[in-house]
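The values are calculated or read from the model by the stated rules, or taken from the named source; none is laboratory data. What you see is a predicted model; the values in this text were computed from it and never measured. All Cβ positions, even for glycine, are placed from backbone atoms using ideal geometry, and neighbour counts span all protein chains on display. Protein only, heavy atoms only, side chains kept; ligands, DNA and RNA dropped before computing areas. Shrake-Rupley method; radii C 1.70, N 1.55, O 1.52, S 1.80 Å.
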Amino acid sequence: MTVRTASEGGTPSPVLIPILCLLLVIGLVQVIRPQLLWRLNSRLQRGWVKNPEATEPTRKGYAVQRVSGVLFLAGAVWMLVLQF
């Protein structure tokens with residue numbers, strides 16, 4: 001069983017490659033500096049959370065984010081490899 005990810009012409013979609021590259025960058029940020037993603041998210045919470053700074057994850061929370069980032073990166077790399 002083969003998975004067909006290319007368009008009808010057999011070439012990868014020109015939009016899919018930049019999207020996958022963006023996902024790789026987001027995954028790298030999640031692994032290297034998950035605090036940056038939390039800061040971005042805390043700014044988005046200001047409208048409905050009284051104290052967004054109080055929602056910062058603990059060290060264990062950041063460790064879980066890093067592990068999920070590694071899994072996310074593995075999936076993004078796998079999808080990128082399938083395109084070629």
Filtering the stretch 11-29 down to residues that are open to solvent by 50 Å² or more (accessible area, probe 1.4 Å) and more than 25 Å from Gln65 (Cβ to Cβ), which residue is modelled with the lowest pLDDT?
Thr11
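Rundown of residues vs (1) under 22 Å from Leu22 (Cα atoms); (2) touching a residue at least 12 places away in the same chain (Cβ under 8 Å); (3) of a type outside the set (Asp, Glu), yes/no style:
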position	(1), (2), (3)
Pro34	yes, yes, yes
Leu37	yes, yes, yes
Gln45	no, no, yes
Glu56	no, yes, no
Val67	yes, no, yes
Leu71	yes, no, yes
Gly75	yes, no, yes
Selection count where residues are more than 10 Å from the chain's Cα centre (by Cα) and surrounded by 13 or more Cβ atoms within 10 Å (Cβ to Cβ), scope the stretch 65-84
7
